[in-house]
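One structure below.
The values are calculated or read from the model by the stated rules, or taken from the named source; none is laboratory data. Being a predicted model, the structure only gives us computed values, none of them experimental. Reconstructed Cβ throughout: ideal geometry from the backbone, glycine too, with neighbour counts over all protein chains shown.
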Amino acid sequence: MNKIELIKKAYEIAKEQYAAIGVNTDAAILKMKDVNISLHCWQTDDVAGFETADGELSGGIQATGNYPGKSTTIEQMRADLEKVLSLLPGKQRLNLHAIYGDFKGEKVDRDEIEVKHFQSWIDWCNKQEIGMDFNATCFSHDRAANGYTLSSKNEKNRKFWVEHVKRCRAISAEIGKQLESPCVHNIWIPDGSKDTPVDRNGYRALLKKSLNETLETKYPKEHMKDAVESKLFGIGLESMTVGSHDFYLGYAIKNDILICLDNGHFHPTEQVGDKISSVLHFIDEVLLHVTRPVRWDSDHVVTLNEDVQLIASEVMRNNFLDRVNIGLDFFDASINRIGAYVVGTRAAQKAFLIAALEPTKELIQLEEAGKYFERLAMLEELKTKPFGAVWNYYCLQEGVPVGEDYIGKIQQYENDVLNKR
Ligand code: RNT
Ligand code: ZN
């Protein structure tokens, strides 16, 4: 039997096994059409960006490793992204940071950026037929060097960052308008303190004031949506983060904007998957930054683990796909970056497909009848159902490498392209 016949045969058997527990595999695959993951461009270059000044990555985040082949130009980054897109089933989006503008060698400071610096990205997304999301870059800059941006007590610096974010929102609205798909603009700032601060409240009052100023201009929701991303701590910023979860959740609810939940930004035993059905009672939409913290917010490559599975399951169980914007956030420079990208994105996609293959109604019936042994048993049995056969068939249908076949493609790209950089 050839490879394709084998994939089809395995799928037919899997289909019957899932049908026996009330799951329609064809319907599950169809649901994947709505799982559109926003690809964080910064995995291809360790969050370096294309500004003329070659600054250090700052703000309490770190890309570790020096594996060869990182993208250093816009052309290289696009080639890498096209490679990644070609190895993923389904339709994704692009998630760009403001430091990745097409500056053409010109020095353009953060408070000077305009749509024209991102037009070639919009055109690129148009060509790829994908949507685009955007982020203000409030780190890796002289004016962020003392650890504060939007909450800075230095009025000049604070104003500078307010101007930057305002411009990023205007750019986002234009992106969404041109691509006819709302652009999610995410605000994450590193602001915080290594040692115990005294005026926590003062910084938070300044952050609130700055956010209010940056959000003054309203844009149609069809063009852009605002999100704020909280954090527990950063490297060298261990004692306080101004934009804590409590702060931003309150701000998001009060101002009718999105909250961004990065699963590396909480205490290690807290589950972002558990937060989704809480916050969505009070806000319209969330943005996810799916990542893998190992002991801390280390931004390891996403793998198919229980944390990610709970996130995906909660989204699929409740039909939240139209209220949950899925983004990734990891930057591993210690292995082939394109390999890291594809492994991580596929892992997130797998979690969503597994979630789509859950007999949720039946499980809820057991739960409501108090049949907790039966519920536990079914949840355990589901783990060894032939998910791989469904995933492979999905990849085959989508015309992308099946199973481990993408490994060879990435090795080839490494030889032909990455090693020549
Ligand atoms: C930092 C945040 C933030 C960044 C990116 C580069 O801890 O997670 O989302 O990783 O904006
Ligand atoms: Zn994040």
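Inside region 166-205, residues that are away from ligand 2 (no atom under 16 Å from the Cβ) and either part of a helix (DSSP H, G or I) or among the polar types (S, T, N, Q) (or both) make up a count of 22.
Restrict the check to region 120-137 and report whether at least one residue is assigned to a helix (DSSP H, G or I), farther than 21 Å from Cys41 by Cβ, of a type in the set (A, V, I, L, M, F, W, C) and modelled with pLDDT of 95 or more. The answer is no, given that none of the residues of region 120-137 is assigned to a helix (DSSP H, G or I), farther than 21 Å from Cys41 by Cβ, of a type in the set (A, V, I, L, M, F, W, C) and modelled with pLDDT of 95 or more. Taking each residue of region 288-304 that is touching a residue at least 24 places away in the same chain (Cβ under 8 Å) and looking for partners that are within 9 Å of ligand 2 (Cβ to nearest atom) and of a type in the set (Ser, Thr, Tyr) with beta-carbon atoms closer than 8 Å, six or more apart or interchain, yields Asp297/Thr291; Asp299/Thr291; His300/Thr291; Val302/Thr291. Among the residues making up region 291-345, a single one is touching an Asp or Glu at 6+ places or on another chain (Cβ under 7 Å), polar (S, T, N, Q) and farther than 19 Å from Asp274 by Cβ: Asn336. For region 10-48, the candidate set comprises residues that are within 16 Å of ligand 2 (Cβ to nearest atom) and assigned to a loop (DSSP other than H, G, I, E, B); within that set, the residue that is surrounded by the fewest Cβ atoms within 10 Å (Cβ to Cβ) is Asp46. The number of residues in region 346-374 that are in contact with an Asp or Glu (Cβ under 7 Å, 6 or more places away or on another chain) and of a type outside the set (A, V, I, L, M, F, W, C) comes to 0. Would you confirm, using the coordinates I've provided, whether Thr64 is within 16 Å of ligand 1 (Cβ to nearest atom), crowded, with 22+ Cβ neighbours inside 10 Å and either at pLDDT 95 or above or more than 29 Å from Leu353 (Cα to Cα) (or both)? So Thr64 fails the test.
Only one of the listed residues (Leu261, Leu287, Leu328) is within 16 Å of ligand 1 (Cβ to nearest atom) and in contact with a Cys (Cβ under 6 Å, 6 or more places away or on another chain). That residue is Leu287. In this structure, is Gly202 more than 19 Å from Leu261 (Cβ to Cβ), among the small types (Gly, Ala, Ser), touching a strand residue (DSSP E or B) at 6+ places or on another chain (Cβ under 9 Å) and away from ligand 1 (no atom under 16 Å from the Cβ)? So Gly202 does not fit the description; no.
Of the conditions (1) surrounded by fewer than 22 Cβ atoms within 10 Å (Cβ to Cβ); (2) at positive phi, Gly59 clears all except one; give me its number. For Gly59, the exception is condition (1). Can you tell me which residue in region 64-83 is farthest from ligand 2 (Cβ to nearest atom), limited to those that are out of contact with any Ser or Thr (no Cβ under 9 Å at 6 or more places or on another chain) and touching a residue at least 40 places away in the same chain (Cβ under 8 Å)? Per the criteria, the residue is Pro68. Taking Thr149 as the residue in question, decide whether it is within 16 Å of ligand 2 (Cβ to nearest atom) and over 22 Å from the mean Cα position of the chain (by Cα). Yes: the conditions hold for Thr149. When Glu229 is tested against (1) at pLDDT 95 or above; (2) away from ligand 1 (no atom under 12 Å from the Cβ), just one condition goes unmet, and that condition is (2). Close Cβ contacts (under 9 Å, 6 or more residues apart or on different chains) running from residues in region 214-239 that are at negative phi and part of a loop (DSSP other than H, G, I, E, B) to residues that are among the polar types (S, T, N, Q) and buried (at least 22 other Cβ atoms within 10 Å of the Cβ) comprise Tyr219/Ser172; His223/Ser172; Ser230/Thr241; Lys231/Thr241; Leu232/Thr241; Phe233/Thr241. Residue-level analysis places Val301 outside the set of residues that are surrounded by fewer than 19 Cβ atoms within 10 Å (Cβ to Cβ), within 15 Å of ligand 1 (Cβ to nearest atom) and closer than 29 Å to Asp46 by Cα. Candidates Ala348, Ala340, Ala333: the one that is away from ligand 2 (no atom under 15 Å from the Cβ) and assigned to a helix (DSSP H, G or I) is Ala340. When the test is whether a residue is over 27 Å from Pro268 (Cβ atoms), away from ligand 2 (no atom under 16 Å from the Cβ) and of a type in the set (Asp, Glu), Glu238 does not pass it.
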